[in-house]
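Engineer: Can you keep this structure in mind? I'll have questions shortly.
The values are calculated or read from the model by the stated rules, or taken from the named source; none is laboratory data. Predicted, not measured: the structure shown is a model, and the values here were computed from it. Cβ coordinates were reconstructed from backbone atoms using ideal geometry, including for glycine residues, and neighbour counts include every protein chain displayed. Ligands, DNA and RNA are excluded from the accessible area calculation, which covers all protein heavy atoms including side chains. Shrake-Rupley method; radii C 1.70, N 1.55, O 1.52, S 1.80 Å.
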Amino acid sequence: MLSLRFITVLLCCMAVMPATQAKNLVDRLPAMSPRLEGYMDQNEVRQRLSELPLHIIEGIWQFPSNGAVISIERYTPDGILADGAVRYRMIILKSPVRSIHPGTIMGYVAATSKQGVYAAHVYTSTDGGSHLIRPKDFTFTLTDDGHLSFRVHSASFYTNVWRMIPYLSRISFRVRSADKPKDLDGCTRLYPEPLSGPIEPRYL
């Protein structure tokens, strides 16, 4: 007869499995960003994309906060057989950091079961030179066909001060999700032009 402890452990494992599978929905980035050729000229990238039947997330996007420009494109990783999964990668076309060259891979993106919502693994820092580092998990949301918002997955730690007195050896730590809005960061579409027209008015 199965012991109560064994049943408890089994149930815990079953509860953790879906979360682990969700984490692996998007491909993991290497510790340091690779770089691709063929992305020095934005017009060439635009021409390439114009010849493809683009998914709604594909195209050229710009970050209003710093002017960076990226391309989001479908790709098939080397050494992976066709498994039916749709994968995208974010490729830098223009960076506010001069040492980060066009063609640098910024992140990987994968569609989820929810329309307009994507899982992403994105570099969040530089090594002080020409590489991006410190990849983190994000959720991307297409709020409409011209705006893509980013939300980083994070947690904050805090101590329960009241537990420190009088038993200092029993300090308790808890984890809580940050409640402040984090989906205000993101980018706007440059190409193809949104159905609703330009994000900002263009002056001649």
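Engineer: Report Val152's accessible area, 1.4 Å probe, all protein chains in place, as a number in Å² to the nearest 10.
Structural biologist: Here the residue's solvent-accessible area equals roughly 40 Å².
Engineer: Note the direction-averaged projected area, equal to a quarter of the hull surface, for the Cα convex hull of segment 47-140, in nm².
Structural biologist: The orientation-averaged projected area of the Cα hull of segment 47-140 comes to 7.1 nm².
Engineer: Taking the Cβ of Tyr123 as the centre, find all other residues whose Cβ is under 9 Å away and add up their charges (Lys, Arg: +1; Asp, Glu: -1).
Structural biologist: Neighbour charge sum, excluding Tyr123 itself: +2.
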